[in-house]
Amino acid sequence: MIRQEQREWIQGHLEEIVTAVLTAFFTALMFRVGLGMLFSIVTGLALAYGIRLIAMRRVVASIRRRIPWLRGPTSPA
């Protein structure tokens, strides 16, 4: 079962994706560039969003591993 906070997280991201796709559609329509440009815009948005969701977590985790004061509280040895 999906928890409430996970459901809100998914819903928030889906709203962002739909907003971005609609923005791309109306941008392509406004400039009359056709479906080829719409496909390019949506592909670029998908790549950027994928990087945001997947790669940023890895980047933040690797930075936290390398910088000691970002690791959080540690127990005394």
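For the range 1-23: of the residues being assigned to a helix (DSSP H, G or I) and of a type in the set (D, E, K, R), which is surrounded by the fewest Cβ atoms within 10 Å (Cβ to Cβ)?
That would be Glu5.
Within the range 37-75, restricting attention to residues that are open to solvent by less than 60 Å² (accessible area, probe 1.4 Å), farther than 21 Å from Ile17 by Cβ and not hydrophobic (A, V, I, L, M, F, W, C), which residue is modelled with the lowest pLDDT?
Gly72
Working only within the range 24-33, note down all residues that are open to solvent by 80 Å² or more (accessible area, probe 1.4 Å) and either under 16 Å from Ala48 (Cβ atoms) or of a type outside the set (Phe, Trp, Tyr) (or both).
Once the filter is applied, which keeps residues that are open to solvent by 80 Å² or more (accessible area, probe 1.4 Å) and either under 16 Å from Ala48 (Cβ atoms) or of a type outside the set (Phe, Trp, Tyr) (or both), the range 24-33 yields Leu29, Met30, Arg32.
The values are calculated or read from the model by the stated rules, or taken from the named source; none is laboratory data. Every value quoted in this text rests on a predicted model; they were computed, and no experiment measured them. Virtual Cβ from ideal backbone geometry, glycine too; neighbours counted across all protein chains shown. The protein model used for the area step is the full one, side chains on, heavy atoms only, and it has no ligands, DNA or RNA in it. Shrake-Rupley method; radii C 1.70, N 1.55, O 1.52, S 1.80 Å.
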